[in-house]
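Data block below; observations after.
Coordinate-derived values only; no laboratory data. Note that the structure is predicted; figures quoted are calculated from it, not measured. Neighbour counts run over all protein chains shown; Cβ positions are idealised from the backbone, glycine included.
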Amino acid sequence: MKKIKILFVCLGNICRSPLAHAVMQDLVEKNDWEDMIEIESCGTGDWHVGQLPDQRMVEEAKKHGVNMTHRALSFDEFYAEYYDLILPMDQSNKEFLISNTPSKYRDKIKLFRTFDPLSKEKDAEVPDPYFGGAEGFRRVYDIVERTCQHLLKTIINK
Ligand code: 4NP
């Protein structure tokens with residue numbers, strides 16, 4: 001199998017996309033698939049570049065045995081060429097990516113929850129937890145975990 005390179009994208013790259021990055025990395029390492037799958041994450045905004053993830057997301061991930069150590073990055077047009085699959089967490093992240101990606105690479109962009117096995121809507125989003133309480137971070141964790149598991153299955157079965 002050709003190595004597949006995946007980029008997770010949210011707004012700040014301190015909550016949702018670094019969680020998807022960490023959960024996916026954990027699954028890849030547990031299965032010894034590092035040679036087949038490369039993972040990165042970034043934000044559409046640059047306010048948090050260089051920072052560690054939001055402590056509330058870090059705490060929720062830790063409860064499930066997942067460590068988050070990513071330092072925030074912001075989207076660079078070069079990523080559109082380099083990554084094979086670009087997965088925005090919500091519609092506004094997706095619209096930003098479409099506007100900032102040459103048209104020949106736009107097919108690489110798909111809403112992350114396209115891979116959510118429980119999602120009934122075509123355009124389901126991972127809700128932004130940043131301005132809410134702990135329940136929002138728990139919800140994000142559940143969505144991200146099951147979606148990463150299904151995404152990995154989809155990739156490996158191809
Ligand atoms: P994320 O969450 O996009 O999941 O990393 C946010 C982080 C920061 C902000 C908004 C959302 N912010 O407004 O600074």
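Listed values, structure above:
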item	result
Residue in segment 89-109 that is nearest to the chain's Cα centre (by Cα), counting only those that are of a type in the set (A, V, I, L, M, F, W, C) and away from the ligand (no atom under 15 Å from the Cβ)	109
Qualifying positions in segment 1-13 - outside any strand (DSSP E or B) and within 16 Å of the ligand (Cβ to nearest atom)	11, 12, 13
Complete set of residues in segment 14-43 that are of a type in the set (Lys, Arg) and either surrounded by 14 or more Cβ atoms within 10 Å (Cβ to Cβ) or within 11 Å of the ligand (Cβ to nearest atom) (or both)	16
Matching residues, segment 85-109, being surrounded by 15 or more Cβ atoms within 10 Å (Cβ to Cβ), in contact (Cβ under 8 Å) with a residue 60 or more places away in the chain and either hydroxyl-bearing (Ser, Thr, Tyr) or under 18 Å from residue 38 (Cα atoms) (or both)	85, 86, 87, 88
Which numbered condition residue 121 fails, given (1) more than 13 Å from the chain's Cα centre (by Cα); (2) crowded, with 19+ Cβ neighbours inside 10 Å	(2)
Index of the failed condition, residue 46 passing every other in (1) buried (at least 16 other Cβ atoms within 10 Å of the Cβ); (2) within 14 Å of the ligand (Cβ to nearest atom); (3) of a type in the set (Asp, Glu)	(1)
Unique residue being under 19 Å from residue 12 (Cβ atoms), exposed (fewer than 15 other Cβ atoms within 10 Å of the Cβ), of a type in the set (Phe, Trp, Tyr) and within 16 Å of the ligand (Cβ to nearest atom) when the list is 131, 112, 137, 75	131
Filter result for the condition that a residue is among the charged types (D, E, K, R) and closer than 15 Å to residue 43 by Cβ, over 125, 121, 95	95
